[in-house]
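Step one of this worksheet: look at the structure below.
The values are calculated or read from the model by the stated rules, or taken from the named source; none is laboratory data. Being a predicted model, the structure only gives us computed values, none of them experimental. Ideal geometry is used to build each Cβ from the backbone, glycine not excepted, and the neighbour counts take in all protein chains shown. Ligands, DNA and RNA are stripped out before the accessible areas are found, and what is left, the full protein with its side chains, is counted by its heavy atoms. Shrake-Rupley method; radii C 1.70, N 1.55, O 1.52, S 1.80 Å.
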Amino acid sequence: MNSFLIRIMRATTLVAIVACPLTAQVYISGTVSAAAGGTLLDGNRAAFQSHTMHQKDGFGGLEELMLVREVDDTILTVKGRAMVGDENYGLRLKFEKFDAYYIDAGYSQFRTFYDADGGYIPTDGRWLPVISDVTATDRAKLWLEFGYTPEDQPHWVFRYERDTRNGTKGSTHWGDSNLSTAGSRYIVPTFYDLDETRDTVTLDVSDDGEKTDWKAGVRYQTTDLNNLKNTRRRPFESADRYLTTSDETSNDLFATHGYVQQTLNEQLKFSVGAIYTKLDTQLDGTRIFGSNGYDPIFTADYATRQQRDEGYYNLSGENQLKQTVANLNLVYTPAPGWKIIPTVRFEDLRVDSMSEFIETAVGGGSARPMALEEFGGDSSKDWQEVSGRIEARYTGIPNWTHNLRAEWLTGDGELMEELIDRHTAHIDIDRDTSLERSTQQYTYTANWYAKPGLTFATQAYYRLRINDFANLRDSTPAGTSDRYPAYIIGQDFETTDFNVRMTWRPRTNVTLITRYDIQDNSVVTTEAGFTKAKSSELISRVFSQSFTWLPTPRYYIMGSVNAVTDKLSTPAAVLVLDGDNSYTYASLTGGMVVSEKSDLLLDFTRSSAHNYVDSSALTVPYLSGFDQSRVALTWKYNATENLVYHFRYSYAENNDELVGGFSDYQAHTFYAKVQHKF
């Protein structure tokens, strides 16, 4: 693929230059950049690559190709890249004839690196790197778009797009281990093996008139997922076994949408829009245990089976979703300085699902027999929702703007669920739940231009969401262990937020921006048989400060500091502990003009969090305890007006307490680029 893309880029550049009428006036401009880099690393490779998104062993190639060719009333744009190592490739060609049509086609791909390490128990330094240290996922997009854009006529746009995702990435749904003296802990890393494809076709037609704008379109999309989640349980023990969950999902989506915007007069404008969506999904998959590697074939007598190893196979399911959404908006200007915008939205949702599968469960005793049971389940959900918003803006006071917005939502529906044992005809779950939800939010925003160079902005909002669940029918009576989630009959979410920002230029060469945020969140839960209780409270405080200083025309300095205090408290702190997610981040950038041909740039960033709690006596330790620093020095040399060289050296360091230092690294990265403009 790499050499193919490079050949295509060369051919495209040649065609763009020579394929034009001999009598036409041709304007050609562009940029070509070649770059390469590599790293000397001491420490964890996966952590380094996931932080920098660069291949440790080196990367290089065509970093940027941009070519623009203009001839009379047409323009051709070519963009490309091919960076080997980082697996970052792309080619885009767009040809446009003004006020007539355009063609846009291309391909792009980039790689995301992941750190798939599992957990760590400090009691005895237990860390189990049982999978490949480096995981990565490639995302790619291929598209072709044709637009018919004549002047003073409706515009048509047809687009085909294919998106793919392939590779591996880590999961935090870890496997268990009994090797630690702390007891059984879920610290064994798990990873996904991804193979996903999505094809989308859209057709849109629109027209912008003097008083009326409208747009309509259709969308058809198919998705195929063939993903595996691979888990290893109790590695290096007599009960060592592998678990792979296969997700084979395919769906077809059809949607049609449209809107009309009409200007009635200078004071009143309205718009109405609607979208209808139909989604059909087919689901197949398995969850199989085995003794000899990932993705095993089902067998009832695998050697290392353990009691309560539960899986399934022959999963077959169907799901159909139908959704209709419509909204109406008005913009009313009753007087100079005033603008009032009311909005109403309606939604109707219907979801029907069914599935069948064979459950596998290992019993107790020395024989550990395998039991097979065939289950069938179905559910249906109806949901209707009405929401509204009214916004008022006032700019009639000199140097002030005010904005007040009120929003509300009310919705209700019904969810019916059933699970049946096909062999015994026993109904395990038979539940009919009434759902109600209401939301209200109020937001006020103001801006004050106190004087030239000094501006204040503030915002405050309050949000309340109330969810109520009524179990009209429930086959799991109170007190049974499998009643989740029917025991929850209400949950209220409340948020208050206030922030203020100041932008100040005390001198012409100094700019300061200061911001402070206060946010409080709480969740109140009502459970069957109990009174309301606050189940969690989150308090956040954020302070940020940035500055720009140009002491002379040859120097500049920019910096920022962000300090976040984020504390979560819960009555269940005895088991899960309270959460502290506070952190700080700082950056500093300085530039200097060394001579007429060269510049120096210095970058420094540092982020840290010191919230780590050793809770290994109860569970897997969590929260963050890390320090990350990076400093880079770049030299830019303008050899000629069209030829520029870039050289950069950077040093990065990571110290992570959460995994006992196993993700630590020190990295020296070298990078060079040559850029030619024409």
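Could you pull out every residue, at least 5 positions away or on a different chain, whose amide H is within less than 5 Å of the one on residue 624? Hs are placed 1.01 Å off N in the peptide plane, and Pro or chain starts have none.
Long-range HN contacts for residue 624: 611, 612.
State whether segment 121-253 is rounded, prolate or oblate according to the following rule on the C-alpha gyration tensor (a ≥ b ≥ c being the square roots of its eigenvalues): a/c under 1.5 gives rounded; otherwise a/b larger than b/c gives prolate, and the remaining case gives oblate.
Verdict is prolate for segment 121-253.
Distances longer than 23 Å among the Cα atoms of segment 529-678: what percent of all pairs is that?
58 percent
Report residue 511's accessible area, 1.4 Å probe, all protein chains in place, as a number in Å² to the nearest 10.
Answer for residue 511: close to 40 Å² accessible.
With the cut-off at 19 Å, tell me which of the pairs 94/141; 79/636; 97/677; 56/141; 169/229; 97/215 have Cα atoms farther apart than that.
Table pairs above 19 Å Cα-Cα are 79/636; 97/677; 56/141; 97/215.
Give the aspartates and glutamates whose C-alpha is closer than 13 Å to that of residue 322, dropping any in the same chain fewer than 8 places away, or say none.
Within the straight-line cut-off, residue 322 pairs with 252, 280, 347, 348, 352, 382.
Excluding ligands, DNA and RNA, what is the solvent-accessible area per residue of segment 628-678 at a probe of 1.4 Å, expressed in Å²?
Values: 2710 Å² over 51 residues.
Solvent-accessible surface per residue comes out at 53 Å².
Taking H as built 1.01 Å from N, whose amide H comes closer than 5 Å to the amide H of residue 509, not counting residues under 5 places away?
Sorted by chain and number, the residues that satisfy this come to none at all.
Loop by DSSP (not H, G, I, E, B), at most 13 other beta-carbon atoms within 10 Å: where is the longest site-free stretch of the chain for trypsin sites (Lys or Arg not before Pro)? Don't skip to the answer; put the middle values down first.
Values: sites that count: 211, 308, 422, 532, 554, 597.
Longest run free of exposed loop sites: 1-210.
Can you send over the solvent-accessible area of residue 394, 1.4 Å probe, protein chains only, in Å² to the nearest 10?
Approximately 60 Å² of residue 394 is accessible to the 1.4 Å probe.
Quantify, in whole percent, the carbon and sulfur part of the accessible surface of segment 45-174 (1.4 Å probe; protein heavy atoms only).
The computed percentage sits at 53.
Give me the percent relative contact order of segment 449-547, please, defined on Cα pairs under 8 angstrom at least 6 residues apart.
Relative contact order of segment 449-547: 26 percent.
Let a ≥ b ≥ c be the square roots of the eigenvalues of the Cα gyration tensor of segment 49-112; is it rounded (a/c under 1.5), or, if not, prolate (a/b larger than b/c) or oblate?
prolate
Using protein chains only and a probe of 1.4 angstrom, how many square angstrom of residue 444 are accessible, to the nearest 10?
Result for residue 444: roughly 90 Å² accessible.
Could you grab the relative contact order for segment 496-558? Cα pairs under 8 Å, six or more apart, rounded to a whole percent.
31 percent
Treating cross-link reach as a plain straight distance, find the aspartates and glutamates whose alpha-carbon is under 16 Å from the alpha-carbon of residue 451, omitting any fewer than eight places away in the same chain.
none
Shape of the chain from its Cα gyration tensor (a ≥ b ≥ c, root eigenvalues): rounded if a/c is under 1.5, otherwise prolate when a/b > b/c, or oblate?
Values: a/c = 1.41, a/b = 1.24, b/c = 1.14.
It is rounded, given that a/c, with a ≥ b ≥ c, falls under 1.5.
Using each residue's phi in segment 189-204, evaluate 6.51 cos²θ - 1.76 cosθ + 1.60 at θ = phi - 60° and report the 3J(HN,Hα) Karplus result to the nearest Hz, with x for Gly and Pro.
x, 10, 9, 9, 10, 9, 8, 10, 9, 9, 10, 9, 10, 10, 9, 10
Counting only protein heavy atoms and a 1.4 Å probe, tell me what percentage of segment 236-325's accessible area is made up of carbon and sulfur.
Accessible surface attributable to carbon and sulfur in segment 236-325 totals 50 percent.
Based on the alpha-carbon set only, what is the convex hull volume of segment 316-441 divided per residue, in Å³?
So the per-residue Cα hull volume is 161 Å³.
Which whole-number percentage describes the relative contact order of the chain, with Cα contacts under 8 Å and a sequence gap of 6 or more?
Values: 1969 pairs, mean separation 54.1, N = 678.
Normalised by residue count, the contact order of the chain is 8 percent.
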